[in-house]
Amino acid sequence: MRIDWWTLGLQTVNVLVLIWLLQHFLFKPVKAVIEARRVAAGRVLEEAEADRARAQAEAATLEARRRDFAAEGEKILAEARAAATAERDALLAEARQEAARLEAEARATLGREREAMRQALEAQAGELAVTIARRLLALLPPAQVTAALLEALVQETTRLPPEARRDLAAAPEPVVVATATPLSPAEQEAWRARLRQAVGGGADFAFRHEPALIAGGELQGPHTLVRRSWRADLDRLAHALTLAPQAGDVHQLA
Amino acid sequence: MESPLATHVAFHLGPVPITTPVLTSWAIMLLLAGGGWLLTRRLVLRPGNTQAALELVVDTLERQIRDTMRTEPTPYLPLVGTLFLYIFVANWSSLVPGVEPPTGAIETDAALALIVFAAAIAFGIRVRGLGGYLRSFARPSIIMVPLNLLENITRTFSLVVRLFGNVMSGIFVIGIVLSLVGLLVPVPLMALELLTGAVQAYIFTVLAMVFIGGGIEDEAPHVAQEESNS
């Protein structure tokens, strides 16, 4: 057996060259693509991890925002409730004020109507009183009543102020004496003397019959009027009944 | 009569005789390098079946290196991977009619063993330094230096003889049976020879890894520890 050294050398070189060739054309490219896949897989995993972390952060943000929305909703609801309560209170207060105003107006209207009714009733009562008085007086003898009232008229004239009596005495026209019943000339002369004495001076008097006086008479001077008749008394009574009765009127009636 | 162990010279390139094992090796080199170039032209991140098979081969080689040498396989992949692929294809080249496997020539096996011998020294010096590598011959004691030196030589020879004997014997057996019986009967023997060729490629590669790993064994546990930690 013989060793061919040329073949040994060439085969050594061949294997060394093949080592280089396979390293260059086979092992290195395959290892490179495996490494690239490993890097890509690692990158994909890192990206997935980053995406997962980002998704978790996003979910946390959304959860926080949801909680904020819920809190804000509660706040808005509370504000709306407060506003509704305030508005309800304001409306209630306004309604109470309006009710109070309407009640006051109703009370005022009722008072006015009650006053008007009272006045109407009082007027009717006055009219009724006058009617009753007139019917009662009609039962009395008018001449005697007239004589008594004329006496009272004379007494009233006597109590007039001096200026009024002088005015009556100096009247250019005769002072009219209206009587409820017609006076005979003798009676007229007698009463003229009494009145002239009460007035003083040379006063002149003219008598006139006025049935509307019912009873009594009136002294009608140019500036002085002295009334002492039932008509006048009933008028004062009716006036006192129609208006608020005054102490003076009551005194006069008495 | 020409010895059956003699290599046939195909032609001369000047003073250099080009033998058939050299020609077959060139063909195998062309096949492996060209095939590798064709298969790795369009590698993509989403591999097809062919690329997946290619990656499986490379990954299996790396895993084998890592398991056997207990170290990072990248620096040793070109040598170990080329040894396995070349011996495997060379052994199986007998399937082509008229072609004798180059590993049936002792020069080819000797070249492979020399490369492994040189690689064990080179990697040992690179990993442990010249002093560290030389000191490895004195382990476990100084009296072991002659034996360790002798072991480095004898194990290289054992590589040569093992591969050469197996392949050459297969060729001889098939040749003898063919001359005696004729067609079809040698087929089981040829199938057995294919199995033997694959096993011998694996054994040669594993032994090469063991020899190279023995030269760097002081560093191997450290690297293995780092890998286990990672």
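The values are calculated or read from the model by the stated rules, or taken from the named source; none is laboratory data. Note that the coordinates shown come from a computational prediction; the quantities given were computed from them, not determined experimentally. When we count neighbours, we look across all protein chains shown, and the Cβ atoms used for this are built from the backbone with ideal geometry, even at glycine. Note: accessible area is taken over every heavy atom of the protein model, side chains too, but ligands, DNA and RNA are not part of it. Shrake-Rupley method; radii C 1.70, N 1.55, O 1.52, S 1.80 Å.
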* To do: Return the total of residues in the stretch A:167-209 being assigned to a loop (DSSP other than H, G, I, E, B) and surrounded by 17 or more Cβ atoms within 10 Å (Cβ to Cβ).
  => 5
* Asked: Checking B:A118 against (1) free of Cβ contacts under 8 Å to residues at least 12 places away in the same chain; (2) more than 26 Å from B:V210 (Cβ to Cβ); (3) within 12 Å of another protein chain (Cβ to nearest Cβ), which test does it fail?
  -> (2)
* **Verdict on B:E55 being touching a residue at least 12 places away in the same chain (Cβ under 8 Å) and over 19 Å from B:T19 (Cα atoms)** => no
* Across the stretch B:5-26, which residue is farthest from the other protein chains (Cβ to nearest Cβ) among those that are more than 23 Å from the chain's Cα centre (by Cα) and part of a loop (DSSP other than H, G, I, E, B)? -> B:G14
* Residue check for B:V80: touching a helix residue (DSSP H, G or I) at 6+ places or on another chain (Cβ under 7 Å) and either open to solvent by less than 60 Å² (accessible area, probe 1.4 Å) or within 8 Å of chain A (Cβ to nearest Cβ) (or both) -> yes
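One line per residue, one yes/no per condition, for (1) part of a helix (DSSP H, G or I); (2) at pLDDT 95 or above; (3) under 60 Å from the mean Cα position of the chain (by Cα):
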| site | (1), (2), (3) |
| --- | --- |
| A:I3 | no, no, no |
| A:Q11 | yes, no, no |
| A:W20 | yes, yes, no |
| A:K28 | yes, no, no |
| A:I34 | yes, no, no |
| A:R37 | yes, no, no |
| A:G42 | yes, no, no |
| A:R65 | yes, no, yes |
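Every residue, every condition in (1) of a type in the set (K, R); (2) within 22 Å of B:S93 (Cβ to Cβ), yes or no:
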site	(1), (2)
B:R126	yes, no
B:G129	no, no
B:G132	no, no
B:R139	yes, no
B:L159	no, yes
B:S169	no, yes
B:I174	no, yes
* Can you name the residue in the stretch B:58-70 that is in contact (Cβ under 8 Å) with a residue 60 or more places away in the chain and open to solvent by less than 30 Å² (accessible area, probe 1.4 Å) and, of all such residues, is nearest to the other protein chains (Cβ to nearest Cβ)? -> B:I65
* Asked: Just wondering, is there one or more residues in the stretch A:35-57 that are of a type in the set (K, R), under 30 Å from B:G36 (Cα atoms) and open to solvent by less than 100 Å² (accessible area, probe 1.4 Å)?
  -> yes
* Working only within the stretch B:27-49, note down all residues that are in contact with a helix residue (DSSP H, G or I) (Cβ under 8 Å, 6 or more places away or on another chain) and either at the interface with chain A (Cβ under 7 Å from one of its Cβ atoms) or loosely packed, with under 11 Cβ neighbours inside 10 Å (or both). => B:M29, B:L32, B:A33, B:G36, B:W37, B:T40, B:L43, B:V44, B:L45
* Please tell me if B:A120 is open to solvent by less than 20 Å² (accessible area, probe 1.4 Å), modelled with pLDDT of 90 or more and of a type in the set (G, A, S). => yes
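Results for (1) over 15 Å from the mean Cα position of the chain (by Cα); (2) surrounded by fewer than 20 Cβ atoms within 10 Å (Cβ to Cβ); (3) within 7 Å of chain A (Cβ to nearest Cβ), shown as yes or no for each residue.
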| site | (1), (2), (3) |
| --- | --- |
| B:E72 | yes, yes, no |
| B:A90 | no, no, no |
| B:P97 | yes, yes, no |
| B:G104 | no, no, no |
| B:E107 | no, no, yes |
* Structure fact -> Across (1) surrounded by fewer than 11 Cβ atoms within 10 Å (Cβ to Cβ); (2) more than 30 Å from B:L13 (Cβ to Cβ); (3) within 14 Å of another protein chain (Cβ to nearest Cβ), A:W5 clears everything bar (2)
